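> This structure is in structure tokens; I'll ask about it shortly.
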Amino acid sequence: MDKAGRDVWVFGDYRNYFQNRVTLQLLARGRELAAALGGELCVLVLGHELGQWVEEYVAHGADRVLALDHPCLRAYQSETYTRLLVDLALARQPRVILVGATSFGRELAARAAKRLHTGLTADCVELAVNDQGLLVQTAPGFGGNLLAEIVIPRHFPQMATVRPGTFQELPHDYERQAPVEWLPLPAGLKPERVRLLKSERLPPREQALENAPVVVCGGRGMASKKKFRNLQELARLLGGQVAATRPAVYARWSEEGTLVGQAGRQIKPQVLFSFGVSGAIQHTAGISGAPFIVAVNKNPGAVMMQMADVGLVADANQTCLALIRELKKRLRS
Ligand SMILES: Cc1cc2nc3c(=O)[nH]c(=O)nc-3n(C[C@H](O)[C@H](O)[C@H](O)COP(=O)(O)OP(=O)(O)OC[C@H]3O[C@@H](n4cnc5c(N)ncnc54)[C@H](O)[C@@H]3O)c2cc1C
């Protein structure tokens with residue numbers, strides 16, 4: 001334990017629902033790691049108008065918040081953010097740095113790890129501390145067929161990225177208090193080589209999905225992005241919205257905002273079509289408000305088939321295509 005400090009840092013990514021939740025989820029696991037290391041759990045948050053986020057992080061378990069609040073940090077910029085993260089890490093020597101595996105987090109963590117001359121494990125599904133006080137980073141390899149336990153024995157800080165939804169956030173505790181250090185912007189920051197000209201929020205899907213009368217949900221059984229697109233066509237014909245399970249979101253067949261379940265949205269459509277979904281508890285936690293479920297699965301024993309009001313033992317994509325054909329025929333006549 002003598003080569004580095006004992007603190008665990010979480011990078012505070014507060015941009016929208018998913019980034020915001022992944023930070024809270026990392027705080028939950030970070031608390032356990034910090035306790036095992038005998039250190040503090042700190043959040044480093046860079047940006048502008050950070051007050052509410054600082055409070056949120058304290059309420060979710062941070063022992064200390066390091067906040068750098070400046071108008072020039074309003075938009076995420078990878079060069080500036082990397083430099084600030086690296087300089088602070090060199091000055092304060094955290095033992096562990098955890099970053100959410102969002103598009104931005106992946107870029108930031110990789111750049112920072114390179115400059116800090118340390119290792120980085122991407123997309124960890126489990127994190128623990130071993131007897132030597134080293135971070136044991138469990139990550140899937142070979143297409144998810146193997147889980148590797150990765151330990152970086154000599155380099156600090158030990159860095160990992162974790163996807164949204166991997167850990168369970170702690171309940172809010174607004175009574176919690178923790179010190180907040182408001183850091184000054186260092187002098188001599190170089191201008192970014194990439195200039196942000198415009199940014200636009202995508203129209204929020206959550207309302208649409210949460211209030212949709214019909215939802216067509218696809219899981220791993222859809223097998224490919226191309227086939228998953230057929231669900232979008234079916235949803236459009238039914239006047240509904242598309243939803244997805246976690247594997248479908250992770251495979252980028254569907255946007256993050258369509259995830260249904262414990263780590264995603266809670267939906268309550270009048271009719272839910274579920275294609276190639278096994279019915280894991282983390283998923284079904286998000287569909288308990290659906291009064292009528294039609295499930296298509298090649299395995300009649302799947303939990304989703306047991307839950308369904310109508311269960312079709314069939315190929316998910318073939319059934320989806322047949323429904324599209326039938327609906328189009330009816331719409332024409
Ligand atoms: C902390 C935590 C949070 C989580 N949060 C969520 C969450 O919010 N939402 C979520 O969805 N998951 C979540 N998960 C993941 C969850 O545990 C399951 O792994 C996931 O829901 C499984 O997704 P799936 O049903 O698409 O895939 P699988 O479990 O792999 O099931 C695929 C199904 O497709 C069927 N199938 C295969 N091929 C075909 C075919 N050709 N035609 C028809 N059927 C076919 C199979 O029989 C199977 O039943 C979470 C996990 C953890 C640990």
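Values quoted throughout were computed directly from the atomic coordinates according to the rules given, and no laboratory measurement underlies them. Since this is a predicted model, take the numbers as computed values, not measurements. Glycine gets a Cβ as well: all are built from the backbone with ideal geometry, and neighbour counts include every protein chain shown.
> Once you charge only the Cβ atoms, +1 for Lys and Arg and -1 for Asp and Glu, what is the size of the charge dipole of the range 114-177 about its Cα centre, to the nearest 20 debye? Before the final figure, lay out the partial values.
On the way: 5 positive and 7 negative charges, 85 e Å.
Dipole size: approximately 420 debye.
> So, one more: For the range 205-332, what D do you get in µm² per second when you plug the Kirkwood radius from alpha-carbon pairs into Stokes-Einstein at 37 °C and 0.692 mPa s?
Diffusion coefficient, whole number: 235 µm²/s.
> Still on this structure: Where in the range 183-202 does the amide nitrogen come within less than 13 Å of the point 7 Å from the Cα of Val86, taken along Cα to Cβ?
Once the point is set 7 Å along Cα→Cβ of Val86, 190 turn out to lie under 13 Å by backbone N, inside the range 183-202.
> Give me the percent of DSSP beta bridges within the range 8-182 that run antiparallel, rounded to the nearest 5.
Beta bridges within the range 8-182, antiparallel portion: roughly 25 percent.
> Let me ask another. With only Lys, Arg, Asp and Glu charged, each at its Cβ (+1 for the first two, -1 for the last two), find how big the charge dipole of the range 61-164 is about the Cα centre; round to the nearest 20 debye.
With Lys and Arg at +1 and Asp and Glu at -1, about 300 debye.
> Once label points are set 7 Å from the Cα along Cα→Cβ at both Arg236 and Ser224, what is their separation, rounded to one decimal in nm?
Between Arg236 and Ser224, the label points sit 2.0 nm apart.
> Among His117, His172, what is the fewest-to-most ranking by other Cβ atoms within 10 Å?
Going from least to most buried by this count: His117, His172.
> Something else about it: Taking a virtual spin label 7 Å from the Cα of Lys114 along the C-beta vector, which residues in the range 67-98 bring their backbone nitrogen under 20 Å of it?
76-90, 97-98
> If you find the alpha carbon centre of the range 96-131 and of the range 5-58, how far apart are they in angstrom?
First find each Cα centre; the distance between them is then 14 Å.
> Evaluate the Kirkwood expression for the hydrodynamic radius of the range 120-244, namely the inverse of the mean inverse distance over all pairs of different C-alpha atoms, and round to one decimal in Å.
20.2
> Could you put Phe292, Phe275, Phe156 in order, starting from the residue whose Cβ has the fewest other Cβ atoms within 10 Å?
With the sparsest Cβ surroundings first, the list reads Phe292, Phe156, Phe275.
> On a 30 Å Cα-Cα criterion, which of the cross-link pairs Lys226/Lys328; Lys114/Lys227; Lys268/Lys328; Lys198/Lys328; Lys226/Lys268 come out too long?
Listed pairs above 30 Å: Lys114/Lys227; Lys198/Lys328.
> Stretch Trp182-Ile150 to full length: gain in nm at 0.36 nm per residue minus the Cα-Cα span?
8.1 nm
> Send over the semi-axes of the chain's equivalent ellipsoid, whole angstrom and largest first, taken as the square roots of 5 times the C-alpha gyration tensor eigenvalues.
Numbers: eigenvalues 333, 95, 65 Å².
Calculated on Cα positions only, the semi-axes equal 41, 22, 18 Å.
> Using a simple charge model, +1 on the beta-carbon of Lys and Arg, -1 on the beta-carbon of Asp and Glu, nothing else, what dipole does the chain show about its Cα centre, in debye to the nearest 20?
1620
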